[in-house]
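The values are calculated or read from the model by the stated rules, or taken from the named source; none is laboratory data. This structure is a prediction, so every number in the text was calculated from the model and none was measured. Because the Cβ atoms are built from the backbone with ideal geometry, glycine has one as well, and the counts that use them run over all protein chains shown.
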Amino acid sequence: MKIIMKSTLLAFAIMLTMGNGFSQEKKVKKLSDDERMEWWRDAKFGMFIHWGAYSIIGGERGEKIAGGGAEWAMDKLDYTIEEYEKFPAMFNPELFNADDWVKMAKDAGMKYIVITSKHHDGFGLWDSKVSNYDIMDASPFKRDIIKELAEASRKQGIKFGVYHSIVDWHHPQAQGNLYPNYNAGQKDQTVVNPEFPQYYKNYLKPQVKELLTNYGDIDVVWFDGDWIADYTTEMGKEMYGFIRDMQPNTIINNRVDKGRKGMEGMDMEGNFAGDFGTPEQEIPATGIDEDWEACMTMNGTWGYKPDDTKWKSSEDLIQKLVDIVSKGGNFLLNIGPDGYGRFPSQSIRRLKALGDWTDANGEAVYGAKASPFDMPEWGRYTSKDGVIYAHIFNWPEDGKLKLNKAIKLKKASFLSNTEANISLDKTSEGVILQLPETSKEEFVTVVKLSL
């Protein structure tokens with residue numbers, strides 16, 4: 001087995017000699033939890049980016065297609081470590097432009113970005129001194145992607161975060177000794193690597209430290225791979241404190257620990273580390289009185305997979321954004337760029353539709369709170385600063401929109417068409433709005449309700 005890893009002694013020698021590169025020199029005001037979470041709670045909408053060596057595979061190997069996400073190609077398509085190492089050596093995305101990526105996110109109405117610094121395959125998108133299995137050493141590209149995206153995000157006023165996998169199919173002290181089923185530990189908790197504590201101490205933590213000390217403020221740290229038995233709740237709590245010591249105001253998801261209930265994403269009963277829950281590919285049926293963020297794909301895969309053509313419509317994505325906000329959550333919507341560094345055209349079209357809608361209706365989303373009312377049949381409510389916003393998914397055939405009877409209405413107006421008149425009919429069952437058909441929008445129409 002070819003192991004692309006520097007020795008532990010060399011790694012720590014480098015950490016010691018780099019000095020300021022591995023220390024937080026500036027004094028940072030430590031915010032309270034509510035202050036620290038404020039920007040994230042107001043942002044509501046972010047971009048997830050799954051990108052790496054797997055993006056040139058596209059989820060296919062001969063006639064075989066990876067089931068599930070294409071980012072799992074190493075496991076699902078039965079690549080040995082030596083076979084898979086050929087893909088980082090070919091990963092040369094010359095069309096990647098960090099400024100363009102961030103601009104597309106910003107134009108779509110997204111307020112933050114989370115990029116995969118290292119997925120389960122173990123290949124890093126930054127200049128790591130702990131390992132040479134990264135973009136600078138194992139790839140011909142030789143540009144620090146995390147650095148470029150972090151700088152582009154700050155320049156355009158977008159918050160920046162990193163996804164980091166606890167799992168590592170390449171490292172021999174993690175899952176790199178489990179071929180042909182690198183992820184056996186997901187379903188069988190008896191499958192462990194007794195050397196995992198050394199990987200955690202000498203590789204995982206030092207790489208996280210690089211990301212938290214060499215790239216300025218990291219606004220979100222998004223962990224994954226918490227399901228393996230090797231990773232313990234004690235490790236998770238230690239990792240959480242380790243990060244907060246370096247960057248006290250960073251926000252960290254609950255997958256840093258062992259508490260989440262599967263795809264539901266929220267924590268079990270108990271004392272677990274993490275700042276927000278992570279429902280995956282699903283939206284809770286009702287609101288949750290905790291911070292949470294639903295992460296979703298635009299089609300069915302996180303990584304680039306041209307064979308997957310089951311794209312969610314722009315209407316569906318906009319309605320999902322509204323549904324999530326109405327229940328008090330955030331929406332982290334995924335993009336899977338190809339191996340050249342391009343967003344798929346299907347993703348670009350949907351980002352454009354989301355941007356057009358949020359340009360007109362963002363007031364009802366950013367900084368909005370969960371609905372104080374049950375979900376109406378015709379759509380959703382959000383609230384902000386004493387105002388209720390009615391998001392109409394299903395336009396009433398007769399133009400009559402019945403509001404919750406608890407709403408004491410003063411005035412109603414369309415958010416994107418302030419010139420249109422809405423007549424009010426106050427009944428014993430509640431206020432009924434008479435909506436002019438000419439004000440119906442393509443995907444979701446928003447009515448501002450002044451109380």
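Being surrounded by fewer than 21 Cβ atoms within 10 Å (Cβ to Cβ) and touching a helix residue (DSSP H, G or I) at 6+ places or on another chain (Cβ under 7 Å) is the filter; apply it to segment 207-223 and report the residue that is nearest to His119 (Cα to Cα). Walk me through it before giving the result.
From segment 207-223, those surrounded by fewer than 21 Cβ atoms within 10 Å (Cβ to Cβ) are 209, 213-217; that's our starting set.
Applying the additional criterion that residues be touching a helix residue (DSSP H, G or I) at 6+ places or on another chain (Cβ under 7 Å) yields 209, 213-216.
Numbers: Lys209: 17, Thr213: 20, Asn214: 19, Tyr215: 19, Gly216: 21 Å.
In this case the residue turns out to be Lys209.
When you go through (1) surrounded by 20 or more Cβ atoms within 10 Å (Cβ to Cβ); (2) under 15 Å from Leu449 (Cβ atoms) one by one for Gly329, which number turns out not to apply?
Condition not satisfied by Gly329: (2).
When you go through Glu63, Glu71 one by one, which is the residue that is surrounded by fewer than 22 Cβ atoms within 10 Å (Cβ to Cβ) and in the same structural domain as Pro344 (by TED's automatic domain parsing)?
On the way: Glu71 fails: surrounded by fewer than 22 Cβ atoms within 10 Å (Cβ to Cβ).
Unique residue meeting the criteria: Glu63.
I'd like the residue in segment 52-85 that is within 13 Å of Gly339 (Cβ to Cβ) and of a type in the set (D, E, K, R) and, out of all such residues, is nearest to the chain's Cα centre (by Cα).
Within segment 52-85, the first condition is being within 13 Å of Gly339 (Cβ to Cβ), and the residues that meet it are 52-60, 70-71, 73.
Among the residues that remain, those that are also of a type in the set (D, E, K, R) are: 60, 71.
On the way: Glu60: 25, Glu71: 15 Å.
Only one residue tops the list, namely Glu71.
With a cut-off of at least 2 residues that are of a type in the set (Val, Ile, Thr), name the strands (runs of 3 or more DSSP E) lying wholly within segment 352-451.
Counting at least 2 such residues, we get 387-392, 430-434, 445-450.
For segment 248-274, which residues satisfy the criterion of being basic (Lys, Arg) and within 20 Å of Gly161 (Cβ to Cβ)?
Arg255, Arg260 - these are the residues of segment 248-274 that are basic (Lys, Arg) and within 20 Å of Gly161 (Cβ to Cβ).
Being charged (D, E, K, R), buried (at least 19 other Cβ atoms within 10 Å of the Cβ) and not in a loop (DSSP other than H, G, I, E, B) is the filter here, so list the residues in segment 258-316 that pass it.
Matches in segment 258-316: Arg260, Asp267, Glu293.
I'd like the full set of residues that are at pLDDT below 95 and in contact with a helix residue (DSSP H, G or I) (Cβ under 9 Å, 6 or more places away or on another chain), limited to segment 41-64.
Residue satisfying the conditions is Lys64 alone.
Looking only at helices (runs of 4 or more DSSP H) that fall completely inside segment 109-208, which ones have 2 or more residues that are free of Cβ contacts under 8 Å to residues at least 40 places away in the same chain and in contact with an Asp or Glu (Cβ under 8 Å, 6 or more places away or on another chain)?
Qualifying helices (runs of 4 or more DSSP H): 196-199.
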